[in-house]
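First up is the structure itself, then whatever we jot down about it.
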Number of protein chains: 2
Amino acid sequence: MQARSVEAGREEFIRVAAGPAAPTSGTLQPLDLTAVTLDPGGLLGAWQQRNSTATLPHCIDRLETSGAVDNLRRATGEASGQFRGMWFADSDVHKTLEAAAWELGRRPDANLERFVESITDLLERAQDADGYLNSYFQVDHRDQQWAELVWSHELYCAGHLIQAAVAASRAGAGDRLLGVARRFADLLVKRFGPGGTDAVCGHPEIETALVELYRTTGHRPYLDLAARFVDLRGRGLLGEEPKFGAQYYQDHAPVREADEVTGHAVRQLYLLAGVVDVAVENGDASLLEAAARLWESAFDTKTYVTGAHGSRHRDEAFGDPYELPSDRAYAETCAAIASFAWNWRMLLATGGHRYADELERVLYNGIACSTSLDGTHFFYSNPLQLRTGHDGSHEDAPSQRLDWYSCACCPPNLARLVASLQSYVATTTDAGVQVQLYTAGRIATPHGEITVETDYPWDGRVTLTVSPAVPGATWTLALRIPGWCASATLDGVPVTGEYAEVRGAWEAGETVQLELAMPARVVAAHPRVDAVRGCAALLRGPLVYCLEQTDLPDDVLVDDVRLDATAPVDAVPGEIAPIVLTARGTHHDPGDAPLYGPPAAATGTPIPLTAVPYFLWANRTPGAMRVWIPRVS
Amino acid sequence: MQARSVEAGREEFIRVAAGPAAPTSGTLQPLDLTAVTLDPGGLLGAWQQRNSTATLPHCIDRLETSGAVDNLRRATGEASGQFRGMWFADSDVHKTLEAAAWELGRRPDANLERFVESITDLLERAQDADGYLNSYFQVDHRDQQWAELVWSHELYCAGHLIQAAVAASRAGAGDRLLGVARRFADLLVKRFGPGGTDAVCGHPEIETALVELYRTTGHRPYLDLAARFVDLRGRGLLGEEPKFGAQYYQDHAPVREADEVTGHAVRQLYLLAGVVDVAVENGDASLLEAAARLWESAFDTKTYVTGAHGSRHRDEAFGDPYELPSDRAYAETCAAIASFAWNWRMLLATGGHRYADELERVLYNGIACSTSLDGTHFFYSNPLQLRTGHDGSHEDAPSQRLDWYSCACCPPNLARLVASLQSYVATTTDAGVQVQLYTAGRIATPHGEITVETDYPWDGRVTLTVSPAVPGATWTLALRIPGWCASATLDGVPVTGEYAEVRGAWEAGETVQLELAMPARVVAAHPRVDAVRGCAALLRGPLVYCLEQTDLPDDVLVDDVRLDATAPVDAVPGEIAPIVLTARGTHHDPGDAPLYGPPAAATGTPIPLTAVPYFLWANRTPGAMRVWIPRVS
């Protein structure tokens, strides 16, 4: 390497565009679908491998047993019987199809190919001549077709069909599905485009899908329709008093005027992903500003320490600012996935480091926690506390992961994200490469290939070996310094700021070593977060840790321990995870304390505490759990 | 007075029976409907007067404007148009009718008489020949009659009809309504009694109503049917997987086996009122034991400091033990009324002092808070905290009381309770009189008349003047010493225990003076109540106090103040109430504190705090409120 300088500072990104692995013309580019290979020895690679071998086959199996595929067969006349599952169960099929397509983009798999082909055949046969495709409305509810967009999920299902088709096309898994999607999209343009009906869908999703379809096809009417759906929102088109109120659907105010994330969390976050897509492709600054403003509402006042969203079971919704209960955290898996998608788009659109921080936080915590170690059991809701004596009578508040759900939106959503996880590791510009997430693997970019060796997130050392496309060419390797990291070095030199940058003329085999200090951290919440007042959470690197009953003696309930937040917290090797945290605490047996009485001094018995990564909870003996631990006063 | 002794200790009550003002044969007896007169100068009397002049006329008016009466007119063919409101809107009519009947029991009122007569006429005309009466199922949904008891509310509506008829009969407002109710009840006995269909209603209410009807008529099959409904619960008769799960309806376990209050709070508490009624009338010890066990579950782990119940908006339900969030407290007005009814029955059944304590707590706080000062606006849900920036888009989580609800169960429920409020002030036995609630008024008992002079709950001095029925007769006047009271005197002599008893041969004009020390109290919650960890509530006497934004400077948000719980709290005259509390606190401007960061030391600016009675909140400038105040660390 000739001239090589280690710099720290914010990379200046000007304008960007694109969904995952979309070939677009922005400045901060995602990498091609096959550009990154995750090493299964790393955590992200291991997740992706488990997704291939366990989660995706499980989803495919469940599409059959749940009746979701049979619903489509009914639409072709090949099956009889009743429609089964939710009326939007087609979207489970589409999401699984998308996951399979992403998989096929990375590796050949005869079974997956057969699955994609057979479902594509089925969808082709089921599709109406005019392009309409929705098994619920095609068989028993013809008369209600397009009649009630507030709850029909017709455009939502169409969106997932489109996303599956885009994935298949980008992954080289055939363009037949794209044909199906385009015929449907063309119908939508005709029906809801300029000159057509003014309408929006009760559940956003079509917006981002149409922009992705535009990116893949270059056909402008798809983008225009997406923009139209965004602009028509908040104008009462879902009815003056829709069930649960207009906020539930983000139809209470136009997107450009809204200043708070509200209502159903998945709906809000899917909408915002689409908003950014439209803003970027149309160069629409005021729309991007709105998204940034809503981002602040979400991440300054309504985000769990796990990166999850949705404080209320009622309406699966955002709560008031600072309303973040641990026990009743809804924290839906799909909302976490939606937040990931939104932050990815915000990162590409603005280059803002904070968006990459949130990508990482929600991935390692709010998303990762939803899947069991065996890859075939899932949480729908992801609380941060489970009390002793928890009432698990609702399937979205169980004490253990379930293998499927009557509303099965989450498992195939996980499958499609993890199948394409490598796409989110790095970005590129003409000036160089930005590594956003650290995990063992290989990153091929137009500037060259980067091999990443690391035990991240268990260890903060990241060794990057560069093989430049053009030896001696000058470009910048920018390495994200996570917001959680208070002390980082690059090749031994302390670096600060948001990205550590190495600019130089690269020669083959050159290495860069980033060292992110990763001590355990004791974190408290903003004083207005009443739910965890006087508590602390234990974090290390990007991981949130938690206490589980199984790590405590039987007579010491996790409900009754406190943390000595001033004592050292140590990172030590563990069984459930490479690193667990040990801390000092006290046990406070409440005895016969009354429900209400004079304030009592806390006297406890010292007890050692072991905290395990939150994303691994509920994989051992079932029991109570808590992320936020009361501090010894 | 000849031999007069002041004793303190628990009254021994053996066996009791009866709903409000029911003429039954228990040992601890309620007083006759007209036995007690509340002085409108006292707080309970003032509430009852406001109920007469404002709330009840408002309800009667709203029955017309909401369409509830028109629904019945449709059933007679006198009106056309669509059914309006909830499918169980008949119950709003029945509850209002019950309230009017209780009113007429105390005083003549030509308007109310006309109302009762005209509705009775209407119900008579609407009733089917076989006794069936439900305007929703009689007009548009004949084919669904009795088809789906899990959600139909048919027996629930029947129960409220019966309770109205019982009230009319007891209040001397005519027995025509009783005829309607009996015809319906006879149909129920035929259809669901022994030899008939095994069934229960998705919403309990019929159980207590049938026992009350038995008490009024002496017709045993009504009691037997109530017992049957209680015993058939928890046997899956509502379906294997009813919507929201079996716990929602308390159908997950037989009543005798249940050990935790669960599910929809109003359903659970109405059921328990009926359970006690059946237990008492049948001398069923194991059933009463079950009620006592469930009482402990409720009051040891699932009751708000206001006496309210229901921690979850989702399902309007009880939460896990110690899950008692302030902001998302559902605390439905109807649940508080149901708790009042249940505790009244437990008090009569067992003589347990703790039940009278809960009567008082929920009356002055959880119930009283629901009605506005003008008597025509109501809370459906009664949270203990309202944040700055609260999303009031749901009508059951508003920041201000509304004048009616799409589901209007609460306002007429309040009306019927307050119209009969005098019935709950005292009880009697052969041995004497027990004063359970203190308020200015006159209590006529078989032993004699007691005039009560007091400014309770603003002042703890209660002067009772006795005019015995038989001069010189010996009986015991038992005065409840509330659980909150740490120091009481009777005629200057310190008394302890649950009831202060004066046993003697009473002469006319003798007075007894009870003095309940009423200093402000600082109260904390059980350490497992995560939601209010590190907080204190200010109480005085039976009243819970709260902070309202309007009592603070604009730049000091109620969200940001803390209480110096070690400094004196003073009771001083106020504007909104005769007594408000002043305390010392600090203001902690969070500035730009991050949502999550290292624990920070709290430094605040001293600020005086004024707390007002919780039941009076939201009667001035709308704004944030909190009962639980973080303590200065």
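Short version: which residues of segment A:592-621 lose at least 20 Å² of accessible area, all chains versus chain alone, 1.4 Å probe?
A:Ala593, A:Leu595, A:Tyr596, A:Gly597, A:Pro599
Within a 10 angstrom radius of each residue's Cβ in B:519-531, how many Cβ atoms of other chains show up on average? Whole number is fine.
Working: counts 0, 0, 3, 2, 5, 7, 6, 7, 10, 10, 2, 15, 8.
Mean partner-chain Cβ count within 10 Å for B:519-531: 6.
Roughly what % antiparallel, to the nearest 5, for the DSSP beta bridges in chain B?
Around 95 percent antiparallel, to the nearest 5.
For a test of the definition: using alpha carbon positions, the gyration tensor, and the 1.5 limit on a/c, classify segment A:66-232 as rounded, prolate or oblate. Walk me through the numbers on the way to the answer.
Working: a/c = 1.91, a/b = 1.12, b/c = 1.71.
Oblate is the answer for segment A:66-232, as a/c is 1.5 or above yet b/c matches or exceeds a/b.
Whole number in Å², please: accessible area per residue of segment A:246-401, 1.4 Å probe, ligands, DNA and RNA not counted.
Details: 3120 Å² over 156 residues.
For segment A:246-401, the per-residue accessible area is 20 Å².
Could you run the Karplus curve 6.51 cos²θ - 1.76 cosθ + 1.60 with θ = phi - 60° over segment B:595-607 and give me ³J(HN,Hα) per residue in whole Hz, x for Gly and Pro?
Whole-Hz 3J(HN,Hα) from phi for segment B:595-607: 4, 9, x, x, x, 10, 5, 8, 10, x, 9, x, 8.
Relative contact order for segment B:66-239: what is it in percent, counting Cα pairs under 8 Å that are at least 6 residues apart? Walk me through the intermediate numbers first.
Working: 254 pairs, mean separation 38.9, N = 174.
Worked out over segment B:66-239, it gives 22 percent.
Can you give the accessible area buried between chains B and A, summed over both chains, with a 1.4 Å probe, in Å² to the nearest 100? Could the numbers behind the result be given before it?
Details: alone 22870 and 22900 Å², together 40950 Å².
By this definition, chains B and A bury close to 4800 Å².
Taking the simple approach of a point 7 Å from Cα along Cα-to-Cβ for both A:Glu449 and B:Arg84, what is their distance in nm?
7.5 nm
Hey, what did chain A get for relative contact order, percent, Cα under 8 Å, at least 6 apart? Let's see the in-between values first.
On the way: 1412 pairs, mean separation 98.1, N = 633.
Once normalised by length, the contact order is 15 percent.
For chain A, rounded, prolate or oblate, judged on the Cα gyration tensor with a ≥ b ≥ c (square roots of eigenvalues), a/c < 1.5 rounded, else prolate if a/b > b/c?
Details: a/c = 1.64, a/b = 1.18, b/c = 1.39.
Since a/c reaches 1.5 but b/c is at least a/b, the shape of chain A is classed as oblate.
What is the average number of partner chain Cβ atoms found within 10 Å of a Cβ in A:418-429?
Values: counts 0, 0, 0, 0, 0, 0, 0, 0, 0, 0, 0, 0.
For peptide A:418-429, the averaged partner shielding equals 0.
Determine the relative contact order of segment B:319-363: mean sequence separation of Cα pairs under 8 Å and six or more apart, normalised by residue count, in whole percent. Write out the running numbers ahead of the final one.
On the way: 21 pairs, mean separation 15.1, N = 45.
Relative contact order here is 34 percent.
Enumerate the amide H contacts of B:Ile579 below 5 Å, restricted to partners 5 or more residues apart or on another chain; note that Pro and chain-start residues carry no placed amide H.
Amide H to amide H, under 5 Å and 5 or more residues apart or across chains, B:Ile579 pairs with B:Gly574.
How much accessible area per residue does segment B:66-239 have, counting only protein heavy atoms and a probe of 1.4 Å, in square angstrom? Mind showing how you got there, number by number?
Values: 5950 Å² over 174 residues.
For segment B:66-239, the solvent-accessible area averages 34 Å² per residue.
Over the alpha-carbon set of segment A:183-312, divide Rg by the Kirkwood Rh and report the Rg/Rh ratio to two decimals. Numbers along the way, then the final one.
Working: Rg = 14.5 Å, Rh = 15.0 Å.
Rg/Rh: 0.97.
Roll a 1.4 angstrom probe over the protein heavy atoms and tell me the percent of accessible area of segment B:520-630 that is carbon or sulfur.
Working: 2200 of 4140 Å².
That fraction is 53 percent.
Which of rounded, prolate, oblate describes the protein assembly as shown, given a ≥ b ≥ c as roots of the alpha-carbon gyration tensor eigenvalues and a/c under 1.5 marking rounded, otherwise prolate only if a/b is larger than b/c? Numbers along the way, then the final one.
Working: a/c = 2.40, a/b = 1.64, b/c = 1.47.
Cα axes put the protein assembly as shown in the prolate bin.
Give the cross-link partners of A:Lys190 among the aspartates and glutamates, using a straight C-alpha distance below 13 Å as the criterion and excluding same-chain residues fewer than 8 apart.
Answer for A:Lys190, where 13 Å is the Cα cut-off: A:Asp130, A:Asp198, A:Asp224, listed by chain and number.
In the neighborhood of A:Ala440, defined by Cβ-to-Cβ distances under 15 Å, what is the net charge if each Lys or Arg adds +1 and each Asp or Glu adds -1?
Details: positive: A:Arg442, A:Arg461; negative: A:Asp39, A:Glu449, A:Glu453, A:Asp455, A:Asp459.
Charge balance in the 15 Å sphere: -3.
Which one, B:Val362, B:Leu386, B:Leu294, projects farthest toward the positive side of the charge dipole computed for segment B:293-397 from Cβ point charges (K/R +1, D/E -1)?
B:Leu294
Peptides B:332-342, B:142-152: what's the order by average Cβ count within 10 Å, highest mean first?
On the way: B:332-342: 27.6, B:142-152: 14.6.
Descending mean neighbour count gives B:332-342, B:142-152.
Mind checking B:384-395 for the average number of partner chain beta-carbons within 10 Å of each residue's beta-carbon?
Details: counts 0, 3, 1, 7, 4, 7, 4, 12, 1, 10, 8, 1.
Counting Cβ atoms of other protein chains within 10 Å of each residue's Cβ and averaging gives 5.
Per residue in segment A:532-555, which ones lose no less than 40 Å² of accessible surface when going from chain alone to all protein chains (1.4 Å probe)?
Going by heavy-atom accessible area, the residues of segment A:532-555 that drop by at least 40 Å² are A:Arg533.
Grab the DSSP H runs of the protein assembly as shown that are 4 residues or longer, score each as -39,500 (n - 2.57), total them, divide by all residues and round the 222 nm result to the nearest 500 deg cm²/dmol. Let's see the in-between values first.
Details: 32 runs with 402 residues, N = 1266.
Calculated at 222 nm, the ellipticity per residue is -10000 deg cm²/dmol.
Which percent, nearest 5, of DSSP beta bridges in the protein assembly as shown are antiparallel?
Details: 163 of 173 bridges.
Of all bridge pairs located within the protein assembly as shown, approximately 95 percent are antiparallel.
Where only protein heavy atoms count, and the probe is 1.4 Å, what is the accessible area per residue for segment B:520-630 in Å²? Working shown, then result.
Values: 4140 Å² over 111 residues.
The answer is 37 Å² per residue.
Using the basic label-point model (7 angstrom from Cα toward the beta carbon), what is the A:Thr197 to B:Arg191 distance in nanometres?
4.1 nm
State the Cα centre-to-centre distance between segment A:38-105 and segment A:571-587 in whole Å.
37 Å
The values are calculated or read from the model by the stated rules, or taken from the named source; none is laboratory data. What you see is a predicted model, and the numbers here were worked out from it, not measured in a lab. Neighbour counts run over all protein chains shown; Cβ positions are idealised from the backbone, glycine included. All accessible areas refer to the heavy atoms of the entire protein, side chains included, with ligands and DNA or RNA removed. Shrake-Rupley method; radii C 1.70, N 1.55, O 1.52, S 1.80 Å.
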